[in-house]
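*Asks:* Quick one: the structure is below, questions incoming.
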Amino acid sequence: MKGLIRKELYCNKQNFIWAGIFALLFFSLYAHTGSKNMFFVFYPALLTSTFFVSSISIEESDHWDVYATALPCSRAQLVSVKFLVILAIALILAFLTLVSTVVSGASQIFTVPCLTLTYLLVVVGINLFAAFKWGSRKSRLPSTILTLALFFLLSFGILGSSTHPNLLFLLLAVAVLLFCLLWLLSIRAYQKRDL
C-alpha cells in the first residue's frame with residue numbers, strides 16, 4: 001500500500017505543484033478581499049476535484065489498470081489509495097481555508113472550511129465512484145456537470161456564510177458518511193469490472 005501511495009504522489013506531482021501555487025494565490029486573494037468572494041476559496045477545491053478522475057483517465061489510456069492486476073496488490077488497495085490521498089488533500093485544503101478565513105477577519109471561521117471539505121468529499125467521492133464503476137470516459141460528462149453545479153451552488157452563495165453552523169456540521173457529517181459509502185461501493189464496483 002505504501003508503494004501505491006508513493007506512485008500516486010509521484011504521478012500527480014505536477015498537479016500538486018500547480019494546485020499548490022493556485023491555492024496559495026487564491027487563498028491570498030480570499031484573505032485580502034475580506035472573505036467577500038467565495039469564488040477564491042472554492043476554485044482550488046474545484047481544481048483538486050478534477051485531478052483524480054483525470055489521473056484515472058491517464059491510467060486507463062496507459063493500461064495501468066491491466067498492469068496493476070499482475071502486481072501483489074488487490075483491487076481494493078488500488079481504489080483505496082485514491083480515496084486516502086484525496087482525503088489527505090481535502091483536509092489540507094480545509095486547513096488552508098481555515099487559515100485564510102481567520103486572516104480575512106470573518107466572523108464565522110468554520111463556515112467556509114466546512115463547505116470546502118463537504119464539497120471535496122461529495123464531488124470527489126461521486127466522481128471516483130463513477131470512474132471506477134463505468135470508466136473515466138463514460139463518467140466524464142455526469143462528473144463534470146455535478147462538479148460545476150456544486151461549485152456554483154457554493155461559490156455564489158446559495159450555501160454561504162449565512163448558513164446556520166448546525167446545518168453546516170450536519171452537511172459535513174453526511175458528506176463524510178457518503179464519502180465512506182462511496183469508497184466501499186467503488187471497491188465493490190471495481191472488483192466486479194472487467195479490465
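The values are calculated or read from the model by the stated rules, or taken from the named source; none is laboratory data. Keep in mind it's a predicted model, so treat the numbers as computed, not measured. Note that each Cβ is placed from the backbone with ideal geometry, even for glycine, and that neighbours are counted across all protein chains shown.
*Asks:* Out of Phe132, Phe95, report the one residue that is surrounded by fewer than 16 Cβ atoms within 10 Å (Cβ to Cβ), farther than 18 Å from Thr33 by Cβ and either in contact with a strand residue (DSSP E or B) (Cβ under 6 Å, 6 or more places away or on another chain) or touching a residue at least 12 places away in the same chain (Cβ under 8 Å) (or both). Lay out the reasoning, then the answer.
*Replies:* Working: Phe132 fails: surrounded by fewer than 16 Cβ atoms within 10 Å (Cβ to Cβ).
Only one candidate qualifies: Phe95.
*Asks:* Scanning segment 154-190 for residues that are more than 17 Å from Lys82 (Cβ to Cβ) and of a type in the set (Ser, Thr, Tyr), which turns out modelled with the lowest pLDDT?
*Replies:* Ser161
*Asks:* Leu93 versus (1) more than 16 Å from Val123 (Cα to Cα); (2) at pLDDT 80 or above: which is the lone unmet condition?
*Replies:* All conditions pass for Leu93, except number (1).
*Asks:* While we're here: Considering only segment 124-133, I want to know if a residue exists there that is of a type outside the set (D, E, K, R) and more than 19 Å from Arg188 (Cα to Cα). Show your work before the answer.
*Replies:* Let us first name the residues in segment 124-133 that are of a type outside the set (D, E, K, R), namely 124-132.
Still in the list and also more than 19 Å from Arg188 (Cα to Cα): none.
No, segment 124-133 contains no residue that is of a type outside the set (D, E, K, R) and more than 19 Å from Arg188 (Cα to Cα).
*Asks:* So, in segment 50-65, of the ones that are surrounded by 19 or more Cβ atoms within 10 Å (Cβ to Cβ) and among the aliphatic types (A, V, I, L, M), which residue ends up farthest from Thr144 (Cα to Cα)?
*Replies:* Ile56
*Asks:* Filter segment 5-49 down to the residues that are modelled with pLDDT under 75 and surrounded by fewer than 19 Cβ atoms within 10 Å (Cβ to Cβ) and list them by number.
*Replies:* Selection gives Thr33, Gly34, Lys36, Asn37, Phe39.
*Asks:* Just give me the residues in segment 135-152 being of a type in the set (A, V, I, L, M) and either surrounded by 15 or more Cβ atoms within 10 Å (Cβ to Cβ) or not in a helix (DSSP H, G or I) (or both), in sequence order. Reasoning before the result, please.
*Replies:* Start the filter on segment 135-152 by keeping residues that are of a type in the set (A, V, I, L, M), which leaves 141, 145-146, 148-150.
If the condition is that a residue be of a type in the set (A, V, I, L, M) and either surrounded by 15 or more Cβ atoms within 10 Å (Cβ to Cβ) or not in a helix (DSSP H, G or I) (or both), then Leu146, Leu150 are the ones that fit.
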